[in-house]
Amino acid sequence: MTLPDSEEFDVVVVGGGPAGSTLAALVAMQGRRVLVLEKEFFPRHQIGESLLPSTVHGVCRLTGVADELAKAGFPRKRGGTFRWGANPDPWTFSFSVSPRMSGPTSFAYQVERSKFDDILLKHARKVGAEVREGCAVLDVIADDERVRGVTYTDADGNERRALATFVVDASGNKSRVYQRVGGKREYSEFFRSLALFGYFEGGKRLPEPNSGNILSVAFPSGWFWYIPLSDTLTSVGAVVRREMAEKIQGDQEKAFMALVDECPLIGEYLADAKRVTTGQYGQLRVRKDYSYHHTTFSRPGFVLIGDAACFVDPVFSSGVHLATYSALLAARSINSVLSGRVDEEPALKEFEARYRREYGVFYEFLLSFYDMHHDEDSYFWQAKKVTQTARPELQSFVELIGGVSSGERVLTEAEILAKRFSSDSEEFAAAVDELAGSQDGSMVPLFKSSVVREVMQEGGQVQMRALLGEDAEAEAPLFSGGLVPSPDGMFWQLPVSAQSPPE
């Protein structure tokens, strides 16, 4: 298929955020022609400043940008500190809870996204991707067989075309291109929330060694995040249910401080702080944290990654993790197809199954996490009781994970699922209570919780693969008949047991 005035690439990536820049780097490193089209000019403001170790020590090590991040001076985050659950005192979740993440890689970073995203995009350019900023994608070019490319406007307003074997939509939650994959976007009733957030100078820090931790605090109307971005700068946001939107309407300054007044611990941490009122952090903003997933993540020639495919509540800092993890999965699939190692259908099936599984694992974890907090007088927290959740919401989750999970994770009755979530929540709450009562700071009690083990599993595997490479243990398929990563982590391959013996 040829079009006048068209350029040709192996891959066109829509969006230059963490998902897009990560995929672009991983594919360009294989010598492929990659074009990144980003509608804004970097650096630019973005929310979602709290990372997980698998991004820093796993995906970013595979792309080669980990050392640049280490030099950037971002605060180290050893875990999360929570005022959440039955215990009135804050407790800390450390990344060293997982044996795979213990030791020198049991930390992540708190990042100013304008700086972090800029580092990743520049790195993608450095390793061979062509990056064009100020370019807005208008639509995909497609025929009856597959997506063939995109039309876009360049920085001068001229309409242009780029053809490619694969188009990847990494343009985030405001993407419109994602609709061309087919299917539909389904929203979670359980997690629909609004966040009002801003930035402060001079806020209090947690005691060492946890001064870089995210602090998450439940209060009657919802919960607060408190993220240290430097020695003095802090991102602070309040999350409330959409039915409580009146709490953040009108004068946002007054609304924000009224929410702070409801939460004495955050009030204490902001007692000597001043809100930033100039520059990229100078305004209070509202974000709809509506969790959702698309009913399909791919079609021939077209893949959705990051928030274009799905988004889940941000309380456990999963946003950038899911973005970069999905980019790694999709890059393996694309690299495998372009190199002739794996056909497109099984390659994209592996990508989608693994991405849905990881999304589902975090979804289950967060349901249990919300359910463990009790506040009988709070509308927000009573609405977060899994056993009171409407059947359609749980049925939607069953459809999300159906066919990609295994064993007892595949359940078709919403009532059974609600009971299991409630049981997981009780198990998690008991682990937290044991942790809070521990005198030696050990994270072992948390690992007794099945949802904690699940949510740490795949991230730990990615880290081990990135750190050990050829020396890492051979992985088993996640699904029957599925594929496994190549030793270098860049491709899919058949598991050793399924490969033909040499003649």
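For each pair in 288/448; 71/122; 39/174; 247/419; 174/288, compute the distance between the two Cα atoms and list the pairs where it is over 22 Å.
The answer is 288/448; 247/419.
Sorting 295, 22 by accessible area (1.4 Å probe), largest first, what list results?
Details: 295 60, 22 5 Å².
Reading off the accessible areas and sorting them downward yields 295, 22.
Add -39500 (n - 2.57) for each DSSP H run of 4 or more in the chain, then divide by its residues: what number comes out at 222 nm, to the nearest 500 deg cm²/dmol?
The per-residue figure over the chain is -10000 deg cm²/dmol.
Please state, to two decimals, what the Cα-based radius of gyration of region 126-259 comes to when divided by 2.2 N^0.38 Å (N = residues).
Rounded to two decimals, the normalised Rg is 1.51.
As an exercise, find the ratio Rg/Rh for region 265-304 from alpha-carbon atoms, using the Kirkwood inverse-distance average for Rh.
1.32
Span-like helices, the chain: DSSP H, alpha-carbon axial extent 18 Å or more, mean Kyte-Doolittle 0.5 or greater, which ones?
319-338
With a 1.4 Å probe and all protein chains kept in place, how much accessible area does residue 143 have, in Å² rounded to the nearest 10?
The value for residue 143 is about 50 Å².
Using the Karplus curve 6.51 cos²θ - 1.76 cosθ + 1.60 with θ = phi - 60°, what ³J(HN,Hα) values do you get for each residue of region 30-42, in whole Hz, with x for Gly and Pro?
Coupling constants for region 30-42: 8, x, 8, 7, 10, 10, 9, 10, 10, 6, 9, 10, 7 Hz.
If you stretched the chain out fully between residue 146 and residue 497, how much longer would it get, using 0.36 nm times the residue separation minus the C-alpha to C-alpha distance?
123.1 nm
With every protein chain left in place, what is the accessible area per residue of the chain in square angstrom, probe 1.4 Å?
40
Can you give the log10 of the normalised intensity I(q)/I(0) at q = 0.12, 0.14, 0.19, 0.26 Å⁻¹, computed with Debye over equal Cα scatterers of region 43-116?
Calculated log10 I(q)/I(0) at the listed q: -0.38, -0.51, -0.84, -1.22.
Along its three principal axes, how long is region 198-343 when you only count alpha carbons? Whole Å, largest extent first please.
60, 38, 29
Which net charge results for the neighbourhood of residue 369, defined as the other residues with beta-carbon distances under 11 angstrom from its beta-carbon, given Lys and Arg at +1 and Asp and Glu at -1?
In short, -3.
Simple spin-label model, 7 Å along Cα-to-Cβ: residue 262 to residue 89 in nm?
With each label placed 7 Å out from Cα toward Cβ, I get 2.7 nm.
Hey, can you rank 29-37, 8-16, 246-254, 326-334 by average C-beta count inside 10 Å, highest first? Could the numbers behind the result be given before it?
Numbers: 29-37: 21.7, 8-16: 25.9, 246-254: 12.7, 326-334: 29.0.
Result, highest mean first: 326-334, 8-16, 29-37, 246-254.
So what does residue 373 come to for accessible area, using a 1.4 Å probe and Å² rounded to 10?
Its heavy atoms expose roughly 10 Å² to the probe.
Report the relative contact order of the chain, percent, no decimals, based on alpha-carbon pairs under 8 angstrom and at least 6 residues apart.
18
Can you tell me the mean projection area, over all orientations, of the convex hull of region 1-158's alpha carbons? Units nm², please. Mind showing how you got there, number by number?
Numbers: hull surface 52.4 nm².
Mean shadow area of the hull around the Cα atoms is 13.1 nm².
At q = 0.07, 0.13 Å⁻¹, what log₁₀ I(q)/I(0) does a Debye calculation on the Cα points of the chain give, no solvent, two decimals?
Log-scaled intensity ratios, in q order: -0.36, -1.33.
The values are calculated or read from the model by the stated rules, or taken from the named source; none is laboratory data. Because the structure is predicted, anything quoted here is derived from the model rather than measured. Glycine also receives a Cβ, built like all others from the backbone with ideal geometry; neighbour counts cover every protein chain displayed. To get the accessible areas, we keep the full protein, side chains included, count just its heavy atoms, and leave off ligands, DNA and RNA. Shrake-Rupley method; radii C 1.70, N 1.55, O 1.52, S 1.80 Å.
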